[in-house]
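The values are calculated or read from the model by the stated rules, or taken from the named source; none is laboratory data. A quick note: this is a predicted structure, and the numbers were derived from the prediction, not measured. Positions of Cβ are generated from backbone atoms using ideal geometry, with glycine treated the same way; all protein chains shown enter the neighbour counts.
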Amino acid sequence: MMKKKDFIFDGCNMTELAAKYGTPLYVMSESSIVDKCREIKARFLNQYPNTRAVFASKAFQTLEVCRIVTREGLGMDTVSGGEIYTAHKAGVPMENLDFHGNNKTLQEIQMAVDYNVGRIVVDNRYELQNLNQYAGEANKKVKILFRFTPGVDSHTHKFITTGQLDSKFGIPLENGILKEMVKLAEEMEHVELMGFHFHVGSQLSSNEAHLAALDIALKMMKEVKAELGFETKELNIGGGFGIHYTGDEKTVNISEFLDPVMEELYVKCEEYGLSVPEITIEPGRWIVGEAGVTLYTVGSIKEIPGIRKYIGIDGGMTDNIRPGLYDAKYEALIANKMNQQETEVVSIAGKCCESTDILIYDIELPKAESGDILAVLGTGAYCYALSSNYNRIPRAAVVLVKDGEDRLIVKRETYEEMISREI
Ligand code: LLP
């Protein structure tokens, strides 16, 4: 008999890890996260002066991940009081934080001011007024950027585009709305407008939308300089760099994506007589997406003759809602059958009472049996972050792996914890 071969990920045996911690289990590779941060450093930060990179922590935020990206020299993009709180608890320097959101609550605005968050990315006039007022009460001057809507279509899934004209995010350029706000901010005593921000969408394979948005940004910057005397010091061009999920989908090459953007920036700034602003990028998925694998145990196997074979797993949309929500596709393998030759085409069914809870349709896998460990790949971004207790399923644990070592960074939720806030 052929010797059984297991799936090894960052030096760790995934079958053994499933036995040690139970399933479903999120496994995150520290080496992969660190490599990505270092690639950003080598290919972007060290190539271009006056640049910054922040990790869009909404993709995957835990205390330990905050510590890793901070150690690697990245700042952090946050979008809620909870994300600021987590970053603060993890010891992320608050001046490295950017705070986003299209409807920040008064409490969140106050928290950001009290914590001395580095940049507040203002989304609308209501927020600007509240911020100036509270910063005044706190006797502070807060550095801000304006998020504007560039009005470009990024051709990704419509649920994850953000830069198009009809968007709940950002300040429209139309009818002088942005310019009016620049004027307003300049008159305010407790905010200091440093520049602008745009984000065009997520899981982008090309830089077309970034280039288009950059052109719009630079024209706008030229106008606000000429008309209002406002010189832009900082420009945040968002995240959205795509990764490989299935087939021939490719992970964005940072140099290929950003070099043309920087080239365009230098040329146009010269042409428009602008000084080159500090450029910030804020990728989330690109840093953590490929670092994640989710392990499940195969349970029921159901064959509908001539139609489909379902492989039932002990997780599903509660730990990964992306297939149900965005029609997202994933690759998978059977962790304890890496060298089994005999394959079949099956569909992977989650355990939730919901027909859309199918993680993968029609994937070719080694013939599965109950008790096998299924590994779904590329689940590091927006899976744990979007997890839920639907059907009262406790949230899965997260284990960090690195060069053959494993360590628990999020404990599995218990039934007691699930009801602990209920009265
Ligand atoms: N900056 C801003 C202002 C954003 O809104 C986002 C993502 C990012 C940066 C990071 O984008 P990334 O580099 O990760 O593509 N839940 C969806 C993705 C939503 C993205 C929302 N904004 C998904 O699972 O595909």
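The table below gives the values:
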read-out: Scope the stretch 167-199; condition assigned to a loop (DSSP other than H, G, I, E, B) and within 15 Å of L131 (Cα to Cα); matching residues; value: M188, E189, H190
read-out: In the stretch 260-288, the residues that are in a helix (DSSP H, G or I) and under 16 Å from R43 (Cα atoms); value: P260, V261, M262, E263, W286, I287
read-out: Selection within the stretch 98-130 - part of a loop (DSSP other than H, G, I, E, B), under 20 Å from the mean Cα position of the chain (by Cα) and not acidic (D, E); value: H100, G101, N102, N103, K104, V117, G118
read-out: Within the stretch 320-356, considering residues that are of a type in the set (V, I, T), under 17 Å from A375 (Cβ atoms) and touching a Lys or Arg at 6+ places or on another chain (Cβ under 8 Å), the one nearest to the ligand (Cβ to nearest atom); value: V346
read-out: Options K250, K219; residue that is free of Cβ contacts under 8 Å to residues at least 60 places away in the same chain and touching a helix residue (DSSP H, G or I) at 6+ places or on another chain (Cβ under 9 Å); value: K219
read-out: Among the residues listed as V122, V92, the single one being β-branched (V, I, T) and more than 28 Å from G176 (Cα to Cα); value: V92
read-out: For R52: the one exception among (1) assigned to a loop (DSSP other than H, G, I, E, B); (2) within 27 Å of E256 (Cα to Cα); value: (1)
read-out: Identity of the residue in the stretch 272-298, farther than 24 Å from L74 by Cα and of a type in the set (A, V, I, L, M), that ends up surrounded by the most Cβ atoms within 10 Å (Cβ to Cβ); value: L295
read-out: Residues satisfying the stated conditions in the stretch 202-214, i.e. out of contact with any helix residue (DSSP H, G or I) (no Cβ under 7 Å at 6 or more places or on another chain) and not polar (S, T, N, Q); value: L204, E208, A209, A212, A213
read-out: Residues (closer than 16 Å to E264 by Cα and assigned to a strand (DSSP E or B)) located in the stretch 200-233; value: none
read-out: Members of the stretch 262-310 that are touching a residue at least 12 places away in the same chain (Cβ under 8 Å), closer than 21 Å to F241 by Cα and of a type outside the set (A, V, I, L, M); value: E264, E278, T280, E282, P283, G284, R285, W286, G289, E290, G292
read-out: Qualifying residue in the stretch 176-183 (condition: of a type in the set (K, R) and away from the ligand (no atom under 16 Å from the Cβ)); value: yes
read-out: Whichever residue in the stretch 348-371 is under 27 Å from the mean Cα position of the chain (by Cα) and in a strand (DSSP E or B) and, among such residues, is surrounded by the most Cβ atoms within 10 Å (Cβ to Cβ); value: L359
read-out: Those residues of the stretch 226-247 which are small (G, A, S) and in contact with a helix residue (DSSP H, G or I) (Cβ under 6 Å, 6 or more places away or on another chain), in sequence order; value: none
read-out: Those residues of the stretch 35-73 which are closer than 19 Å to A112 by Cα and within 14 Å of the ligand (Cβ to nearest atom), in sequence order; value: V54, F55, A56, S57, K58, Q61
read-out: The stretch 1-59, residues that are hydrophobic (A, V, I, L, M, F, W, C) and free of Cβ contacts under 8 Å to residues at least 12 places away in the same chain; value: M1, I8, A19, A42
read-out: Selected residue (only one of K402, K367 is assigned by TED's automatic domain parsing to the domain that holds Y296 and within 20 Å of Q61 (Cβ to Cβ)); value: K402
read-out: Count of the stretch 111-129 residues which are farther than 14 Å from M94 by Cα and either surrounded by 17 or more Cβ atoms within 10 Å (Cβ to Cβ) or among the charged types (D, E, K, R) (or both); value: 7
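Rundown of residues vs (1) assigned by TED's automatic domain parsing to the domain that holds G240; (2) of a type in the set (F, W, Y); (3) within 18 Å of G240 (Cα to Cα); (4) in contact with a Cys (Cβ under 8 Å, 6 or more places away or on another chain), yes/no style:
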{"position": "V34", "(1), (2), (3), (4)": "yes, no, no, no"}
{"position": "Y48", "(1), (2), (3), (4)": "yes, yes, no, no"}
{"position": "I84", "(1), (2), (3), (4)": "yes, no, no, no"}
{"position": "F99", "(1), (2), (3), (4)": "yes, yes, yes, no"}
